[in-house]
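Reviewing the structure listed below.
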Amino acid sequence: LAVAWQQRIGGAAEPLQLDYISGTVLAEASDEEGPWRQALEEQLRQQRPEEERLGQCQVGPHRDEVALLIGGQAARRYGSAGQQRTLVLALKLGELDLVGQVVGQPPLLLLDDVLAELDPGRQQLLLEAVGDGHQCLVSATHLEAFSSGWRAHSQVVELRSGALVA
């Protein structure tokens with residue numbers, strides 16, 4: 001779901017890839033529990049002195065990670081602020097779709113000043129995407145960032161000094 005959202009918001013030139021990196025080293029990939037259990041037990045035995053010295057466990061499922069790649073590059077290291085924001089939004093929108101499928105109702109999406117780190121092209125793509133059948137509450141400091149077409153199909157509420165402005 002997140003990959004589809006990334007393509008929709010970020011474009012085909014920046015495909016999202018999620019890679020699972022296990023905290024347990026296994027010589028040969030397996031879906032069976034036995035090899036994983038044996039590998040983990042052996043690694044725990046080998047690491048025990050070092051772990052006691054450090055006071056923390058160095059191997060195991062708690063060390064698992066999901067690498068987020070944009071165009072094959074680590075987003076954390078090489079992604080711009082806008083690319084990283086787009087990736088987070090793709091994950092959130094994927095989560096929104098998943099929750100909607102599981103619960104049977106679309107959840108409310110809250111986006112707080114989400115346009116701040118996106119270029120105008122990404123802003124427009126995001127607004128078109130979330131405006132397409134999603135119940136969404138968007139906060140912003142500058143109404144000009146929203147196209148007049150998008151505003152025409154939205155309810156705009158203005159707050160000044162904590163009070164609603166009519």
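The values are calculated or read from the model by the stated rules, or taken from the named source; none is laboratory data. Just so we're clear, the structure is a prediction, and the values are computed from it rather than from any experiment. Positions of Cβ are generated from backbone atoms using ideal geometry, with glycine treated the same way; all protein chains shown enter the neighbour counts. Note: areas computed on protein heavy atoms with side chains; ligands, DNA, RNA excluded. Shrake-Rupley method; radii C 1.70, N 1.55, O 1.52, S 1.80 Å.
Observations on the structure shown:
- Distance from the alpha carbon centroid of segment 1-59 to that of segment 63-119 works out to 21 angstrom.
- Helical mean residue ellipticity (222 nm; -39500 (n - 2.57) per DSSP H run of 4+; nearest 500) of the chain: -14000 deg cm²/dmol
- Most simply put, the chain has about 70% antiparallel DSSP beta bridges, counting only bridges with both residues inside it.
- Residue-normalised accessible area of segment 56-166, expressed per residue, 1.4 Å probe, Å²: 66 Å²
- Of the solvent-accessible surface of the chain, computed with a 1.4 Å probe and all protein chains present, 52% belongs to carbon and sulfur.
- Extended-chain gain in nm, criterion 0.36 nm per residue less alpha-carbon gap, residue 154 and residue 81: 23.5 nm
- Interchain or long-range residues, amide H under 5 Å from residue 109's placed H: 135, 136, 137
- Taking all protein chains together, 64, 112 sort by accessible area into 112, 64, largest first [probe 1.4 Å].
- Pairwise label distance in nanometres, residue 137 with residue 44, each label 7 Å out on the Cα-Cβ vector: 4.5 nm
- In the chain, the longest principal axis of the Cα atoms and the axis of helix 33-54 are about 90 degrees apart.
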